[in-house]
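A.B. asks: To start, I am sharing the structure in question, which I have written as structure tokens.
The values are calculated or read from the model by the stated rules, or taken from the named source; none is laboratory data. This is a predicted model, so every value here is computed, not measured. Note that we place each Cβ from the backbone using ideal geometry, even for glycine, and neighbour counts take in every protein chain shown. Note: areas computed on protein heavy atoms with side chains; ligands, DNA, RNA excluded. Shrake-Rupley method; radii C 1.70, N 1.55, O 1.52, S 1.80 Å.
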Amino acid sequence: MIKSLRFVVRCSPILRQPVLGPVKNLHITPLNQAGHSKWQNIRHIKALNDGRKSVLFIKLSRQIRLAIQAGGANPAVNNTLRAAIDEALKKNMPNSTIQGILKKASQSSSQLKKFTVEIKAFDQINVICVLYTDRFTQIKMEIATLLRKNFSMFNDVKHLFDEQGYIEAILKTEASADELLSVCTEHAIEVGAEDVEIMSEDSKLLRFICDPTQIDRVKTQLEKLGYSIEHNEHAFFPKSTIKLNPDATEAYEKLKEKLKAVDGVEDIYDNVEVVY
């Protein structure tokens, strides 16, 4: 077990290999003396999973609150709220917790507002954070402190992304697999969508692309045509992407986890190439 290790890093480990000064006070205990290490690992993994579950529940509760703001607290007439509740139940949120959120949100006078924060991480990664909060000034200060500790800063990067709205919806009216493409194309033209793609012929799940400022209007028109809205999002797509080395990937993933844990952070977009 390493008890103490002091060194000096003269540059960000993300950009190039760090130069280490003399190492002092390095003490190593044989592995067979660390009998409790397995239990410590289990505790660490459980704490990590509990933390992720907590962040997920906070995000789900925020979606429920936003749905109530938009259309009221009755899921029978508020399709967005009904979808948010269904999603929370799928993610194993207790029904008692959901009812508590509904009651609290219905009685609250404060309104969540949408904000975007632009970030340059490790001198090379462009990041956009989307937040919903009623205390943006405090949240931005919290993020600034987090960035300062992780070789990152606020910066103007939104112009390096394209903004698009997309709506995922299931067609509830009758249409065969052969008819589906022509039917949804006609509907896309009718509601003013820019494009449409079939995600699943079996379930008739479709994705409509539109101007992000028109999401609510297009969504309403699709519902009138017999679609069940599954998900909608104002998304940011990078105009170009970058590849990260393993060390940079690990460091950035840690930063993203910290950003996701900040109260109000809903979505994070970046220019990092996704490797499958």
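A.B. asks: Hey, what's the range 129-257 come to in accessible area per residue, 1.4 Å probe, Å²?
C.D. replies: Value for the range 129-257: 58 Å² per residue.
A.B. asks: Ignoring any ligand, DNA or RNA, what whole percent of the accessible area of the range 230-276 comes from carbon and sulfur when the probe is 1.4 angstrom?
C.D. replies: 50 percent
A.B. asks: Moving on to the next point. May I have the count of lysine pairs in the range 131-276 with C-alpha atoms under 16 Å apart, counting pairs 8 or more residues apart or located on different chains?
C.D. replies: 12
A.B. asks: Going through the range 188-259, which trypsin sites (Lys or Arg not before Pro) have at most 13 other Cβ atoms within 10 Å and a DSSP loop state?
C.D. replies: When the trypsin sites (Lys or Arg not before Pro) of the range 188-259 are filtered for loop state and at most 13 Cβ neighbours within 10 Å, K239, K243 remain.
A.B. asks: Take the alpha-carbon centre of the range 145-187, take the same for the range 196-246, and report the distance between them in whole Å.
C.D. replies: Answer, in whole Å: 4.
A.B. asks: Same structure again: Heavy atoms of the protein only, probe of 1.4 Å, neighbouring chains included. What is the accessible area of M141 in Å², nearest 10?
C.D. replies: Roll a 1.4 Å probe over it and M141 shows about 130 Å².
A.B. asks: Roughly how many percent of the accessible protein surface of the range 57-127 is carbon and sulfur, given a 1.4 Å probe and a whole-percent answer? Mind showing how you got there, number by number?
C.D. replies: Details: 1900 of 3840 Å².
Within the range 57-127, the accessible surface is 49 percent carbon and sulfur.
A.B. asks: Could you calculate, for the range 57-153, the ratio of the Cα radius of gyration to the Kirkwood radius, expressed as Rg to Rh?
C.D. replies: Rg/Rh for the range 57-153 comes to 1.08.
A.B. asks: Roughly how many Å² of E163 are accessible to a 1.4 Å probe, to the nearest 10?
C.D. replies: E163 exposes around 80 Å² with every protein chain in place.
A.B. asks: Taking all protein chains as present, what is the carbon and sulfur share of the accessible area of the range 133-193, in % to the nearest whole number, probe 1.4 Å?
C.D. replies: Exposed carbon and sulfur together represent 52 percent of the surface.
A.B. asks: Just to make sure I understand: if all protein chains stay in place, what is the order of I128, I229, I189, I58 by accessible area at 1.4 Å, largest first?
C.D. replies: Working: I128 0, I229 30, I189 130, I58 75 Å².
Final ranking, largest accessible area leading: I189, I58, I229, I128.
A.B. asks: Now a separate question. Any idea what the dipole of the range 175-227 comes to, in debye rounded to 20, about its Cα centre with Lys/Arg Cβ at +1 and Asp/Glu Cβ at -1?
C.D. replies: Roughly 240 debye, rounded to the nearest 20.
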